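Peer 1: Sharing a structure here in structure tokens format.
The values are calculated or read from the model by the stated rules, or taken from the named source; none is laboratory data. Note that the structure is a prediction, hence the values are computed from the model and not measured. Please note: Cβ atoms are built from the backbone with ideal geometry, for glycine as well, and neighbour counts cover all protein chains shown. To get the accessible areas, we keep the full protein, side chains included, count just its heavy atoms, and leave off ligands, DNA and RNA. Shrake-Rupley method; radii C 1.70, N 1.55, O 1.52, S 1.80 Å.
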Amino acid sequence: PKAQWNLAEIEAFLTYLISVKSTMAGTDFKEITFNVAAQKIASKQTSGPLQTRAQCKNKWGLLVYNAIEAYCNKSSCYWDNEHGTNIEGSSAEALWDEYVSKKTNALLKPFKTIGWPYYSMMKQIL
């Protein structure tokens, strides 16, 4: 079944990963880390099935931090954790539309006008 993550679960998940970041192997965690993470966030769940190791691992892979970093590394691209891309003007809008039209960048689409509250937590981990 598809995981339904609420904000408290995401915060608990990232808080736990921050506490064990010294166990990272490159930019990933060991399987046991995701097992424990699933147990740690269980009390925060409000709907859907309990998160599993696989769902935690998948969530880690889907977090948008790397997509934001890649976008910020593009020339003349801006990011704000409260307002997202803060796009102004038709040329900036066209660049944004082209950027998120690529499958690998589509993850950023929802964050055009809103920030991502977990950016600073992810920065602590990575």
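Peer 1: Taking the criterion of being at pLDDT below 85, among the β-branched types (V, I, T), closer than 26 Å to I18 by Cα and open to solvent by less than 60 Å² (accessible area, probe 1.4 Å), would at least one residue in region 40-53 satisfy it?
Peer 2: no
Peer 1: Another question, then. Return yes when K30 is more than 17 Å from L108 (Cβ to Cβ), at pLDDT 90 or above, of a type outside the set (S, T, Y) and open to solvent by 50 Å² or more (accessible area, probe 1.4 Å) and no when it is not.
Peer 2: Yes: the conditions hold for K30.
Peer 1: Here's something else I'd like to know. For region 106-118, give me the residue count where each residue is in a helix (DSSP H, G or I), open to solvent by less than 90 Å² (accessible area, probe 1.4 Å) and not small (G, A, S).
Peer 2: The qualifying residues number 4.
Peer 1: Could you grab the pairs with beta carbons closer than 7 Å, sequence gap of 6+ or different chains, first residue in region 27-38 and assigned to a helix (DSSP H, G or I), second one of a type in the set (D, E, K, R) and crowded, with 16+ Cβ neighbours inside 10 Å?
Peer 2: Taking only residues 6 or more apart or on different chains, the pairs are E31/R53; F34/R53; F34/K57; N35/R53; A38/R53.
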